[in-house]
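Asker: Quick one: this structure, given as structure tokens, is what I'll be asking you about.
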Amino acid sequence: MHNHAERGPAVPAISRDEVAHLARLSRLALTDAELDQFAGQLDSILSHVRTISEVAAADVPATASPNPATNVTRPDELVPGLTPHEALAAAPAVEEQRFMVPQILGEGE
């Protein structure tokens with residue numbers, strides 16, 4: 001276990017100015033209070049990540065899951081589907097055995 005007192009005074013992992021810069025890049029309009037709040041929250045999160053990184057063992061390979069997954073696939077199974085008539089029965093609009101949907105793009109797009 002690491003002793004946090006050994007590190008000396010805490011240096012913020014992210015500054016208020018960096019949060020403001022990220023907000024501008026993200027096109028977010030943050031108030032001064034929000035900048036202070038998010039800077040504190042992000043600093044806390046990054047501090048926890050730093051702590052986890054310090055205790056991560058170099059000899060343990062990174063995995064997506066602690067439990068090995070082997071052959072989680074199954075064979076395809078044919079099952080009866082809907083007929084075109086059944087599939088289109090509840091459609092609000094049908095044309096030539098196809099669902100009609102509102103146009104979202106202009107001509108030539």
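Derivation of every value follows stated rules applied to the coordinates shown; laboratory data play no part. None of the values given here were measured: they were computed from a predicted structure. FYI the Cβ positions are ideal-geometry reconstructions off the backbone, even for glycines, and counts take in every protein chain you see.
Asker: Give me, ordered by chain and number, the residues 5 or more places off Val94 or on other chains with an amide H under 5 Å from its own placed amide H.
Answerer: Here the answer is Met100, since their amide H atoms fall under 5 Å of that of Val94.
Asker: Still on this structure, please answer the following. Counting other C-beta atoms within 10 Å, and keeping those with at most 14, which DSSP coil trypsin sites (Lys or Arg not before Pro) do you find in the stretch 9-94? Before the final figure, lay out each step's value.
Answerer: On the way: sites: Arg16, Arg24, Arg27, Arg50; in loops: Arg27.
Counting only loop positions with at most 14 other Cβ atoms within 10 Å, the trypsin sites (Lys or Arg not before Pro) in the stretch 9-94 are Arg27.
Asker: Treat each spin label as a single point 7 Å out from the Cα along the C-beta direction, and report the Ser47 to Ala90 distance in nm.
Answerer: That separation, rounded to one decimal, is 5.2 nm.
Asker: Now for a separate question. Given +1 on the Cβ of Lys and Arg, -1 on the Cβ of Asp and Glu, and no further charges, what dipole in debye does the stretch 4-55 carry about its Cα centre, rounded to the nearest 20?
Answerer: Values: 5 positive and 8 negative charges, 31 e Å.
So the dipole magnitude of the stretch 4-55 works out to roughly 160 debye.
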